[in-house]
Amino acid sequence: MASEKVETVVAGNYLEMEREEEGSKSTTGKLSRLFWHGGSVYDAWFSCASNQVAQVLLTLPYSFSQLGMLSGIIFQLFYGLMGSWTAYLISVLYVEYRTRKEREKVDFRNHVIQWFEVLDGLLGKHWRNLGLFFNCTFLLFGSVIQLIACASNIYYINDNLDKRTWTYIFGACCATTVFIPSFHNYRIWSFLGLMMTTYTAWYMTVASLTNGQVEGVTHSGPTKLVLYFTGATNILYTFGGHAVTVEIMHAMWKPQKFKMIYLIATLYVLTLTLPSAAAVYWAFGDQLLTHSNALSLLPKTGFRDTAVILMLIHQFITFGFACTPLYFVWEKFIGVHETKSLLKRALARLPVVIPIWFLAIIFPFFGPINSTVGSLLVSFTVYIIPALAHMVTFASAPARENAVERPPSRLGGWVGLYSMNVFVVVWVLVVGFGLGGWASMINFIRQIDTFGLFAKCYQCPPHKA
């Protein structure tokens, strides 16, 4: 009887969203629906895949030089599956929260549900505060990383300006994302973004293989524990892009269909990250230890310049992905989230961009900053907290009995699910946060000692600095 009641509620929840989708099929809404207003399963897949592999694609060969070829491949497969698992847990908690709220007749038509609200509704204010802190801090630095990547990449086309100056310029460009209302409106951008990273990944692969190995190439990794765990944590960061899962789900017409989307997106992403990282590492070997951006080693050609330009555009898109949830939090804080004025919301969002701009200028360490953010923030935001929250939410027998989304029997039911969650928490706490945090902080401090804060041109050739 309980399961029938839940099913009825869930079926009714999304009729409102489906009617909104049908309304967009009117004659006047066709162009908007095609380019601007998405909400299908395919939109969600493109959003997940496009957001997951961005500038980090260029740093994975650097991670392979720290880890060695075999460990690099194993960690990509391992963290890809682990990331897909915790994204699934987040989607389950979202559906559980939304179902409970809509039984209480809560209307979400002008409100975007976010991860901290899911935690608040299911587990209380302390969990909300924990989720809000880690999620916002991670997304803040995720936006910083995209801005740093813009400056790092454009320098390889035009080195007349130093990287810090390029950061100023691209900070202003990325600020225009305040005009994109929500994840509904990333339809065309998500599609184009994934095409851009697909081109770049296969360019890196083909260019490395056709140019062959550089003279005297060596592949000595792994040589030091600090480098090994720094590289592993960068891969943890790579597959931790599901901090925006709840916002992507909320933009779907039928969010309950999200379950396997992140896994399928991850499988596609692996077809880009594994060949490109392996090929570049094979070609350049230990040179990558001092070249965290793989494009810096590839020969300057029209194909490389195309890859740089496409990655710049994609980083603009990914900046929007990371920053949009921060915009939502800020809107809710100052009380303008539910206003229908796009201009008013855009102006209200501008203060969010300022600290991102400033941090990108202070810490321009493209590559090492990924590992630091991965160990200290990603480890909790998208691995430990979702696994713990899921276990606590369904700890009681009544909660498990009335769960909207039950664990698949092929995974061993609730026992199998809890076993996997415990493994995720322990592994990420010890290896990701503990060892990864130790290694990445040592490496990060070395960058500060070598280049200094506010570095004008990080890892630029000496004669161009």
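Just how large is the dipole of the chain about the Cα centre, in debye to the nearest 20, putting +1 at every Lys and Arg Cβ and -1 at every Asp and Glu Cβ? So the dipole magnitude of the chain works out to roughly 400 debye.
Rounded to the nearest whole Hz, the Karplus-based 3J(HN,Hα) values (6.51 cos²θ - 1.76 cosθ + 1.60, θ = phi - 60°) of the range 84-100 follow the sequence 5, 5, 6, 5, 4, 4, 4, 5, 5, 5, 4, 4, 4, 5, 5, 5, 4, with x at glycine and proline.
When the surface is traced with a 1.4 Å probe over the full set of protein chains, M82 keeps roughly 10 Å² accessible.
Using only Cα atoms, locate the centre of the range 55-76 and the centre of the range 142-164, then give the distance between them in Å, rounded to an integer. First find each Cα centre; the distance between them is then 22 Å. Considering only S419, G121, Q256, and ranking their Cα positions along the charge dipole of the chain that arises from unit charges at the beta-carbon of Lys, Arg, Asp and Glu, the one farthest toward the positive end is G121. In this simple spin-label model, placing a label point 7 Å from the Cα along the Cα-to-Cβ direction at both N211 and I157 gives a separation of 1.8 nm.
With +1 assigned to the C-beta of every Lys and Arg and -1 to the C-beta of every Asp and Glu, and no other charges, what is the dipole magnitude of the range 292-379 about the Cα centre in debye, to the nearest 20?
Values: 7 positive and 3 negative charges, 37 e Å.
Dipole about the Cα centre, nearest 20: 180 debye.
A straight line joining the Cα centroids of the range 374-396 and the range 407-431 runs 11 Å. Computed 3J(HN,Hα) for the range 55-66, one whole-Hz value per residue from the Karplus formula 6.51 cos²θ - 1.76 cosθ + 1.60 where θ = phi - 60°, is 4, 4, 4, 7, 9, 5, x, 4, 5, 5, 5, 7, glycine and proline marked x. Reported to the nearest whole Å, the Cα centre-to-centre distance from the range 78-119 to the range 267-296 is 34. Karplus-based coupling profile of the range 112-127, in residue order and whole Hz: 8, 6, 10, 4, 5, 6, 4, 4, 5, x, 8, 10, x, 5, 5, 5, with θ = phi - 60° in 6.51 cos²θ - 1.76 cosθ + 1.60 and x standing for Gly or Pro. Beyond 25 Å in Cα-Cα separation lie the following of the pairs K125/K259; K101/K344; K105/K254: K125/K259; K101/K344. For the chain, the carbon plus sulfur part of the accessible surface works out to 67%, probe radius 1.4 Å. Each residue, F78 and R400, gets one label point 7 Å from its Cα in the Cβ direction; the gap between the two is 2.9 nm. Charge dipole (Cα centre; +1 on Lys/Arg Cβ, -1 on Asp/Glu Cβ; no other charges) of the range 34-183 amounts to roughly 300 debye. When the Cα positions of P351, A403, P364 are compared along the charge dipole of the range 316-459, P351 comes out farthest toward the positive end, with charges on each C-beta of Lys, Arg, Asp and Glu.
Between T165 and N129, full extension at 0.36 nm per residue minus the direct alpha carbon distance yields a gain of 9.3 nm.
When you count the other C-beta atoms within 10 angstrom of each residue and take the mean per peptide, 61-70, 274-283 line up highest first as 61-70, 274-283. As a length-normalised measure over Cα pairs under 8 Å and 6 or more apart, the relative contact order of the chain settles at 31 percent.
The values are calculated or read from the model by the stated rules, or taken from the named source; none is laboratory data. Computed from a predicted structure; not experimentally measured. Please note: Cβ atoms are built from the backbone with ideal geometry, for glycine as well, and neighbour counts cover all protein chains shown. Heavy atoms of the whole protein, side chains included, go into the accessibility calculation; ligands, DNA and RNA do not. Shrake-Rupley method; radii C 1.70, N 1.55, O 1.52, S 1.80 Å.
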